[in-house]
Amino acid sequence: MSIPLLDLNRQYDSIKGEIKTAIDEVLESQYFIMGDEVKAFEDEVGAYCKANHAYGCASGSDALLLALMAIDLQPGDYVLTSPFTFFATAGAISRIGGIPVFLDIEKDSYNLDPKQVRRFMEGEHPVFKKLNPDREKIKAIIPVHLYGQMADMDPIMNIAEEYSLTVIEDAAQAIGAEYKGRRSGSVGDFGCFSFFPSKNLGAFGDAGLVTVKNEKLAEKLDILRLHGAKPKYHHSLVGINSRLDTIQAAVLSVKLKYLDEWSERRREIAHRYNRLFEEASVSGELGDCSESCVEMGGSGCSLNPNKIITPKETTGSKVNNGRHIYHQYTIRSGKRDQIAQALSDHNIGHSVYYPVSLHEQECFAYLGYQPKDCPVSHCATKQAISIPIFPELKEEEIEKVVEVVSAAVKK
């Protein structure tokens, strides 16, 4: 049995007719740039996200860049964010001369820890003392809703209001996720989404979206994505070329109709994994990470070597009026390499998201971070591994994955 980490062919087979019809309509119109389908999709997905405004763009990376450009982030300005995420988050900050401030994550959610943000803004965090920033240059917070679960947004928004900071939600992995009844992309000042093919709502190539709360910022972002021109050939701003292709918008409109159904199926699979791992007696609890754990190479954290840590629903719990949409099902183990080898031996897909924390990346060495500055993130990079989860995953495949992981942990 070969089990992929993700099988988009199964999804495509179920909606092939609708997809082909939607693409054919674009081909017949020959409007490949900013066609009618783009505005239609923006309206649909904006309503889905419960956002005031929604604008398609070329990628999730561009979505982050456009949001930062809209707030006039200047070289030398600071943006607080997570070290445990895809590079695009920090890359967008750095690309326009900003300085990423990496603050540690919560051990159960992998999301930016509001307590660390509070400590930094109060000047009590070691990273604050290391960077010694001009407070007037601290401009924004980018919380990342990792693996499909929203960050703890209320305390983050409270801090932002207190210190007059902009909040840009990196919701690339979390479209449709909910926090206290609110959708990702509707809580902060901006929401940035990726429709990379492997995402829960995936295009047939690169594509992205920005949601915006403020009317004036929305108008500005709309201009920025079109070279800063309004009207055409008249440039009030220096923007970029970042438009959502009409064909991608048509594909995404078809898929959007099924997104809630697919998300609920992902939740069912995640909960099934949880039950099966519990029945296999391999589910454990995670202790606290510390500097001593970092010194042990991430092998500490009170991890029982014969147990794994299954995902925890924090803000994504239905008890909390939330929804985790499980872009990934990520487990933790001190035997990660052993588990990865066992999965490979049985032709089961898996991936490590992410093997190096952003505060430890070579390109940010100039900032002077040490692994111990974000110990929870550092340890997660040594322990986390994602296993197959997609709506079309079969029961026998779920059981096989659990069997192989459990045997590897007990070995």
The distance between the Cα centres of segment 1-56 and segment 299-345, in whole Å, is 31
Given backbone amide H placed at 1.01 Å from N, residues whose amide H is under 5 Å from that of Ile99, ignoring those fewer than 5 places away on the same chain, are Gly76, Asp77, Tyr78, Val79
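For segment 144-250, which chymotrypsin sites (Phe, Trp or Tyr not before Pro) are in a loop by DSSP, counting at most 11 other Cβ atoms within 10 Å?
Loop-located and lightly packed - Tyr233.
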What one gets for segment 1-45 as the Kirkwood radius, inverse of mean 1/r over different Cα pairs in Å, is 12.7
Projected convex hull area of segment 170-211, Cα atoms, direction-averaged, in nm², equals 2.6
Computed for the chain: size of charge dipole around the Cα centre, +1 on C-beta of each Lys and Arg, -1 on C-beta of each Asp and Glu, debye to nearest 20, value 380
Kirkwood Rh for segment 178-240 from C-alpha pairs, in Å, is 13.3
For segment 313-411 the translational diffusion coefficient, Stokes-Einstein from a Kirkwood Rh over Cα pairs at 25 °C and viscosity 0.890 mPa s, in µm²/s, is roughly 159
Taking every other residue with Cβ under 11 Å from the Cβ of Thr381 and scoring Lys and Arg +1, Asp and Glu -1, one gets +2
Taking only the Cα positions of segment 134-217, the convex hull volume per residue in Å³ is 109
Expected vector for segment 215-232, Karplus 3J(HN,Hα) from phi with 6.51, -1.76, 1.60 and θ = phi - 60°, integer Hz, x for Gly and Pro, equals 4, 5, 5, 5, 5, 5, 5, 4, 6, 4, 6, 10, 6, x, 9, 6, x, 3
Quick calc of log₁₀ I(q)/I(0), segment 194-275, Debye, one scatterer on every Cα, no solvent, q values 0.16, 0.27 1/Å, result -0.76, -1.17
Binned at 5 Å starting from 0, the alpha-carbon pair-distance distribution of segment 225-371 in whole percents comes out as 2, 7, 9, 12, 14, 13, 13, 10, 9, 6, 3, 2, 1, 0
On the accessible surface of segment 191-275, probed at 1.4 Å with all protein chains in place, carbon and sulfur together account for a percent value of 53
In this structure, among Lys216/Lys312; Lys50/Lys232; Lys199/Lys372; Lys199/Lys312; Lys20/Lys232, pairs with alpha-carbon gaps over 27 Å are Lys216/Lys312; Lys50/Lys232; Lys199/Lys372; Lys20/Lys232
Per principal axis, largest first, the Cα atoms of the chain extend in Å by 66, 57, 38
Taking only Cα atoms of segment 12-77, the Rg to Rh ratio with Kirkwood Rh works out at 1.11
At q = 0.10, 0.22 1/Å the base-10 log of I(q)/I(0) from the Debye formula over the alpha-carbon atoms of segment 72-164 is -0.23, -1.17
Restricted to the chain, the DSSP antiparallel beta bridge percent, nearest 5, is 60
Amide H proximity to Ala229 below 5 Å, modelled H, separation 5+ or other chain, gives none
Any residue on another chain or 5+ positions along whose placed amide H is under 5 Å from the amide H of Ser351 is listed here as Ser386
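Near Asn304, within a Cβ-to-Cβ distance under 13 Å, what is the net charge of the other residues, with Lys and Arg +1 and Asp and Glu -1? Please report the intermediate quantities before stating the final value.
Values: positive: Lys307, Arg332, Lys335, Lys410; negative: Glu285.
Residues near Asn304 contribute +3 overall.
With r defined as the distance between the Cβ atoms of Asn214 and Ala47 and R0 fixed at 25 Å, what FRET efficiency is calculated, to the nearest 0.05?
Numbers: r = 18 Å, r/R0 = 0.73.
Calculated value: 0.85.
Rounded to the nearest whole Å², what accessible area per residue is found for the chain with the 1.4 Å probe?
Working: 16780 Å² over 411 residues.
Per-residue accessible area for the chain comes out at 41 Å².
The values are calculated or read from the model by the stated rules, or taken from the named source; none is laboratory data. No experiment lies behind these values; they were computed from the predicted model shown. Neighbour counts are summed over all protein chains in view; Cβ atoms, including those assigned to glycine, are modelled from backbone coordinates with ideal geometry. Surface accessibility is based on the protein's heavy atoms, side chains included, excluding ligands, DNA and RNA. Shrake-Rupley method; radii C 1.70, N 1.55, O 1.52, S 1.80 Å.
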